[in-house]
Ligand SMILES: [Zn+2]
């Protein structure tokens, strides 16, 4: 005889498959140990020549909520097939229930979540859909999703993309699937595949190394690169500084410039106020002399603002010349600034802690008094 009644679900307690058991006259699917039963069944239609192997609902479209309901449907199929003259497999194909298809489910999920997302995240989600998920799951019935699909997805994406992208794809996909699960459209408990993103090897520079790179750069870049190194602000914000941003001994970084010269707010929309670096006071004073308030503080050969991309290339080239190949502008200035700031703060905090307990120096305090972290 063709066909079986099966379920996609597993025992929610032990994660084992359900087993058939005779209860009175009925065969049920049940976990022999935990007495749990599936909530949804399907008819495996292999042998009937139907388009889809899994059929989830009866002719009325009502999902099979008991093994008995699925089994009755299977019996009626077998009976119909018994009469070769009138058997038409097309009559038994499930009406195309678009509701559970990837596209429909995705649209529902995005609609329910969109308002919580930033425009940037929305773009990432759309990228994951159009480039990764839609091509592979376009007509997929999401009720058939299994851990194996997630693992395959991860493996495939990892072949073509960096770990950070794999992490994004898995993150977005799992969030989508948990949305489906919350709505009750899928029952299976899915396990998120782990993605390890190696922490980037940051090429942190000390002050001497920064000075060595800046010395190798073309003369016209040296002042603005020095400013970037001393202040640790984003290169795009250094490029956008104007004369009028220098007030009362402080520079107010409050704009950002892209590679096409367009100005916008800083990334976080805040003003970053930094004292004029002591060793730049003279250069800045000279740059401000006889110039309009809205003029860029430091200018290129044509009297215009520097662009971040130009500075990045200048930095990389100078780094090679200085024997520090691999240093990039952002890490060489901004990350290095943050790292050194933290190390100084940490050293200061250790010294203050030692003072507080009356030690001559932090060595005793941190060697014998304070348990090591991690
Ligand atoms: Zn069980």
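The values are calculated or read from the model by the stated rules, or taken from the named source; none is laboratory data. Here the structure is a predicted model, which means the values were calculated and not measured. As a convention, Cβ positions derive from the backbone with ideal geometry for all residues, glycine included, and neighbour counts pool all protein chains shown.
For every residue, the table says whether it meets (1) free of Cβ contacts under 8 Å to residues at least 60 places away in the same chain; (2) assigned by TED's automatic domain parsing to the domain that holds residue 128; (3) within 16 Å of the ligand (Cβ to nearest atom).
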residue	(1), (2), (3)
26	yes, no, no
30	yes, no, yes
42	yes, no, no
60	yes, no, no
64	yes, no, no
77	no, no, no
104	yes, yes, no
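For the range 1-24, give me the residue count where each residue is assigned to a strand (DSSP E or B) and within 14 Å of the ligand (Cβ to nearest atom). Spell out how you get there, then give the answer.
Going residue by residue through the range 1-24, those that are assigned to a strand (DSSP E or B) are 4-6, 19-23.
Now restrict to residues that are within 14 Å of the ligand (Cβ to nearest atom): 19, 21.
Qualifying residue count for the region: 2.
Condition (residue is over 43 Å from the mean Cα position of the chain (by Cα) and on the phi < 0 side of the Ramachandran plot) applied to the range 40-49: is it met by at least one residue?
Taking the range 40-49 first, the residues over 43 Å from the mean Cα position of the chain (by Cα) are 47-48.
From what's left, on the phi < 0 side of the Ramachandran plot: 48.
Scanning the range 40-49, I find at least one residue that is over 43 Å from the mean Cα position of the chain (by Cα) and on the phi < 0 side of the Ramachandran plot, so the answer is yes.
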Notebook entry, point to check: Does residue 108 satisfy the criteria of being closer than 24 Å to residue 1 by Cα and more than 16 Å from the ligand (Cβ to nearest atom)?
Noted result: no
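Considering each of 33, 105, 99, 91 in turn, give the residue that is at pLDDT 85 or above and surrounded by fewer than 17 Cβ atoms within 10 Å (Cβ to Cβ). Explain how you work it out, then say what you get.
On the way: 105 fails: surrounded by fewer than 17 Cβ atoms within 10 Å (Cβ to Cβ); 99 fails: at pLDDT 85 or above; 91 fails: at pLDDT 85 or above.
Only one candidate passes the filter, namely 33.
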Check: Out of the range 70-117, which residues are more than 48 Å from the chain's Cα centre (by Cα) and part of a loop (DSSP other than H, G, I, E, B)?
Finding: 83, 84, 85, 86, 87, 88
Check: residue 87 is checked against (1) in contact with a helix residue (DSSP H, G or I) (Cβ under 6 Å, 6 or more places away or on another chain); (2) not assigned by TED's automatic domain parsing to the domain that holds residue 21 and fails just one. What number does that condition carry?
Finding: (2)
Check: Does residue 118 qualify as being surrounded by fewer than 13 Cβ atoms within 10 Å (Cβ to Cβ) and either within 20 Å of residue 194 (Cα to Cα) or at pLDDT 90 or above (or both)?
Finding: no
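In the range 326-352, what residues are part of a loop (DSSP other than H, G, I, E, B) and touching a helix residue (DSSP H, G or I) at 6+ places or on another chain (Cβ under 6 Å)?
Applying the first criterion (part of a loop (DSSP other than H, G, I, E, B)) to the range 326-352 yields 326-328.
The one that is part of a loop (DSSP other than H, G, I, E, B) and touching a helix residue (DSSP H, G or I) at 6+ places or on another chain (Cβ under 6 Å): 327.
A quick yes/no check of all residues on (1) closer than 20 Å to residue 337 by Cα; (2) at pLDDT 95 or above; (3) assigned to a strand (DSSP E or B):
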| position | (1), (2), (3) |
| --- | --- |
| 259 | no, no, no |
| 270 | yes, no, no |
| 279 | yes, no, no |
| 311 | yes, yes, no |
| 314 | yes, yes, no |
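Just one of 355, 283 is assigned to a helix (DSSP H, G or I), out of contact with any strand residue (DSSP E or B) (no Cβ under 7 Å at 6 or more places or on another chain) and closer than 22 Å to residue 219 by Cβ; which is it?
Numbers: 355 fails: closer than 22 Å to residue 219 by Cβ.
From the options 355, 283, the qualifying one is 283.
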Margin query: For residue 198, only one of the following conditions fails: (1) at pLDDT below 90; (2) surrounded by 12 or more Cβ atoms within 10 Å (Cβ to Cβ). What is its number?
Written below: (2)
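When you check residue 129 against the structure, is it surrounded by fewer than 18 Cβ atoms within 10 Å (Cβ to Cβ) and not assigned by TED's automatic domain parsing to the domain that holds residue 63, yes or no?
Details: surrounded by fewer than 18 Cβ atoms within 10 Å (Cβ to Cβ): no; not assigned by TED's automatic domain parsing to the domain that holds residue 63: yes.
So residue 129 fails the test.
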